[in-house]
Amino acid sequence: MIYLNGSFIPIEDAYISVLDRGFIFGDGVYELIPVYSHIPFRLTQHLCRLQNSLDEIQLENPYTDHEWTELIEQIITNNEGDDQYIYLHITRGVAERNHVFPKKVMPTVFIMSSPLLVPSKELAITGVSAITANDNRWLRCDIKATSLLPNVLLRQKAVESNAIETVLLRDGFLTEGSASNIFIVKDKLLLAPPKSNLTLPGITYDVVLELAEEYKIPHEIGDISENDLRSSDEILLTSSTKEIMPIILLDGIKIGSGKPGEVFKQLYKYYQDFKVAIMRGNLL
Ligand code: PMP
């Protein structure tokens, strides 16, 4: 059961016009919210980032946070599984094809739920491999835009190299992954690239930094050079669907000992505990 422009309908019955500006131009923004035991994770923060993306593309938010919350809760109830992920997507609506914003057009709003399949514990023990590539995306990566062609091409490169992610470098510095944020650890210090127009402000990125603060893991935000990345002791990947994962091979070369490191292990445990606390209703 999905939500499309005011109606809850089966996904098979959901259609949009070929003139939808999301289809024609990729003129829209989206959010992806993990749901654990029927509870949306960090919903306030996701809705705040959505508002920011909408503001940046000058599209009025069709709903209040309260209305979004009610719609999301209905979608969760109408779909199977305790753990789901909610994908919501707003485009600048249906209009004659013209780059210029149409006047008085209704945005298209789509919400769906899928099963949330987080990476297995095995992968946290063995670690995963990633490749690097030149970050050839636009200069507004802070907007969670539906136009994801560069990210799609970059991620495909990883899969074709039997890796799970492509780590991106722009002008010799780490930005993020094609669909994740990236941290490094050097001499027990957790380092995160700063938020800027060149990266998506990840909700999981914030959680990891909050956990580092709470559990007194030394951490810093600052530019990370290609050399820092390649000579790091650990590389960590974060996203709503992948949570937190250890990258142990980069471009086929071992990172640190070639095994998930101590900082990863700590953060992984704290992240799992944090989720449990949320599911028990102790935290939001
Ligand atoms: N950067 C990019 C480019 C992404 O697509 C994602 C995943 N949506 C992230 C970072 C991680 O963001 P979050 O932790 O909010 O899932």
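The values are calculated or read from the model by the stated rules, or taken from the named source; none is laboratory data. Everything quoted here is computed from the prediction, not taken from an experiment. Every residue, glycine as well, gets a Cβ built from its backbone with ideal geometry; the counts of neighbours run over all protein chains shown. Each accessible area value is taken on the protein alone, full model and side chains, heavy atoms only, with ligands, DNA and RNA left out. Shrake-Rupley method; radii C 1.70, N 1.55, O 1.52, S 1.80 Å.
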So what is the orientation-averaged projected area of the range 207-284, using the convex hull of its C-alpha atoms, in nm²?
-> 5.8 nm²
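At a 1.4 Å probe radius, carbon and sulfur cover how many percent of the accessible area of the chain?
Values: 7780 of 14180 Å².
Exposed carbon and sulfur together represent 55 percent of the surface.
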Provide the descending list of Cα extents for the range 136-284 along its principal axes, expressed in whole angstroms.
-> 41, 36, 28
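Using Cα pairs under 8 angstrom and six or more residues apart, how large is the relative contact order of the range 83-228, in percent? Mind showing how you got there, number by number?
Numbers: 206 pairs, mean separation 26.5, N = 146.
Computed value for the range 83-228: 18 percent relative contact order.
Please compute the contact order of the chain in relative form: average sequence separation of alpha-carbon pairs under 8 Å and at least six residues apart, divided by the residue count, as a percent.
18 percent
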Would you work out the relative contact order for the range 2-115, in percent, from Cα pairs under 8 angstrom that are 6 or more residues apart?
-> 38 percent
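What chymotrypsin sites (Phe, Trp or Tyr not before Pro) does the range 177-270 have in DSSP loop regions with at most 16 other beta carbons within 10 Å?
TYR215
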In nm, spacing of pseudo-spin labels at THR64 and ILE16 (7 Å Cα→C-beta vector) | 2.6 nm
Tell me, what are the semi-axes, in whole angstrom and largest first, of the equivalent ellipsoid of the chain as set by the roots of 5 times the Cα gyration tensor eigenvalues?
-> 33, 23, 17
Would you mind calculating the gained length between LYS103 and TRP138 on full extension (0.36 nm times residue separation, minus the Cα-Cα distance), in nm to one decimal?
-> 10.0 nm
Computed [θ] at 222 nm, helices only, for the chain once each DSSP H run of length n ≥ 4 contributes -39500 (n - 2.57) = -9000 deg cm²/dmol
Could I have the simple spin-label model distance between SER37 and PHE25, label points 7 Å from Cα toward Cβ, reported in nm to one decimal?
-> 4.5 nm
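Give me the compactness ratio for the range 1-123, meaning the Cα radius of gyration over 2.2 N^0.38 Å. If you can, show how the numbers build up before the last one.
Values: Rg = 15.2 Å, N = 123, 2.2 N^0.38 = 13.7 Å.
Here the answer is 1.11, to two decimals.
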Could you state the number of Å between the C-alpha centres of the range 72-121 and the range 23-46?
-> 7 Å
Theoretical gain in end-to-end length, LYS216 to GLN74 [0.36 nm per residue, Cα-Cα removed] = 47.3 nm
Label-point separation, SER161 to ASN5 (7 Å along Cα→Cβ), nm | 4.2 nm
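How large is the accessible surface per residue of the chain, computed with a 1.4 Å probe and reported in Å² as a whole number?
Numbers: 14180 Å² over 284 residues.
Accessible area per residue, the chain: 50 Å².
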